[in-house]
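> Sharing a structure with you now.
The values are calculated or read from the model by the stated rules, or taken from the named source; none is laboratory data. Treat the numbers as computed from the prediction; the structure is a model and nothing was measured. Cβ coordinates were reconstructed from backbone atoms using ideal geometry, including for glycine residues, and neighbour counts include every protein chain displayed.
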Amino acid sequence: MAVLGFERLESRGILSVGGEDRTTFLQGLISNDIDRVAVDRAIWAALLTPQGKYLHDFFVAGIDETLYLDCESDRLMDLGKRLHRYKLRAQVELGIGEGMAVYALFGGGALDALNLSADAGAARSLRDGIVYTDPRLPAVGARALLPACDAENLLETLGFHAADTNSYETLRLEHGLSDGSRDLIVEKSTLLESNFDELHGVDWDKGCYMGQELTARTKYRGLVRKRLMPVRIDGPVPELGTPLMAGDKEIGEMRSGQNSRGLALIRLERFEEADTDGLNAGDARIFPEKPVWASY
């Protein structure tokens, strides 16, 4: 019998966006189509600089008449300030999801236990919150925004058990999923090198949004030279930003890692060589792995 696990993601916070203009307000700012968000659908999206560089990414789910952004807790206030800057006269109310917590739900059969489909972003209400299939990759399970006071009791009634600390961290690294500014460099990273195109984080048919021009130009001109991808680590986990070397040539850069798994930004032209022979990163040897979901 499969073990179903849950983990409260302490590194995540919740920003609320209410008011009658909430959808049109966000639609002109973020990389994905906010009109897709409904009681049965959640999305993953990013806020960019006008030059198309990464600022924040977050999941967006709707509960009643409010949109909730599951974002980095340490950078929640920065995200709120940036959104407030563009509010102008829009009828929008920004706040913090007080009393709510973010949970990752995983394990074989997790989606069935939650009565969710395997469609990316499929959602349904749960008590006074919402649960949804991970909009990036259903293989990692689901996420939930729930009242913190009784969330764990509720999840246990559904057959889930508290997982060992960092179980979800291992899962996301194995599948090559980024974790905000731990893996993406603020005002430097681009959406395509960070796999937003591969993981349903950008909509190519919606109207204009901030940073769209560079994002579209990168796609249609085929300018993606590097990709964030999972790596296997033989040795101590290198620090963030450690160069990955093939002989005397730098062909990548380390991002987050734990135990024998991590993420790194790798030059695609050198991927096969790095995959076969490995790369040097301090005292460790790094072996990049093309994720099963990647089409590049």
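> Give the stretch 241-296 a look and list any residue that's among the charged types (D, E, K, R) and assigned to a loop (DSSP other than H, G, I, E, B), or say none.
Asp248, Asp283, Glu289, Lys290, listed by residue number.
> Filter the stretch 212-238 down to the residues that are at pLDDT 95 or above and in a loop (DSSP other than H, G, I, E, B), then identify the one that is farthest from Asp57 (Cα to Cα).
Residue satisfying both the conditions and the ranking: Gly235.
> Can I ask one more? Go through (1) more than 14 Å from the chain's Cα centre (by Cα); (2) within 20 Å of Gly19 (Cα to Cα); (3) surrounded by 14 or more Cβ atoms within 10 Å (Cβ to Cβ) and name the single condition Glu152 misses.
(2)
> Right, next: Residues Thr190, Thr170: which one is in contact (Cβ under 8 Å) with a residue 60 or more places away in the chain, more than 23 Å from Val37 (Cα to Cα), β-branched (Val, Ile, Thr) and assigned to a loop (DSSP other than H, G, I, E, B)?
Every option except Thr190 fails the conditions.
> Let me ask something else about it. Specify which of the listed residues (Leu79, Leu67) is within 30 Å of Arg217 (Cβ to Cβ), in a helix (DSSP H, G or I) and of a type in the set (A, V, I, L, M, F, W, C).
Leu79
> Now for a separate question. Count, please, the residues in the stretch 144-167 that happen to be in a helix (DSSP H, G or I) and of a type in the set (S, T, N, Q).
Looking only at that region, the number is 3.
> Looking for something surrounded by 13 or more Cβ atoms within 10 Å (Cβ to Cβ), within 17 Å of the chain's Cα centre (by Cα) and in contact (Cβ under 8 Å) with a residue 12 or more places away in the chain - is there at least one such residue anywhere in the stretch 206-220?
No; the residues of the stretch 206-220 include none that is surrounded by 13 or more Cβ atoms within 10 Å (Cβ to Cβ), within 17 Å of the chain's Cα centre (by Cα) and in contact (Cβ under 8 Å) with a residue 12 or more places away in the chain.
> While we're here: Look through Gly62, Gly95 and report the one residue that is out of contact with any Leu (no Cβ under 7 Å at 6 or more places or on another chain), farther than 17 Å from Gln27 by Cα and part of a strand (DSSP E or B).
So the residue among Gly62, Gly95 that is out of contact with any Leu (no Cβ under 7 Å at 6 or more places or on another chain), farther than 17 Å from Gln27 by Cα and part of a strand (DSSP E or B) is Gly95.
> Okay, next question. Answer yes or no: is there a residue in the stretch 56-67 that is β-branched (Val, Ile, Thr), within 17 Å of Leu192 (Cα to Cα) and either at pLDDT 95 or above or more than 19 Å from the chain's Cα centre (by Cα) (or both).
No, the conditions are met nowhere in the stretch 56-67.
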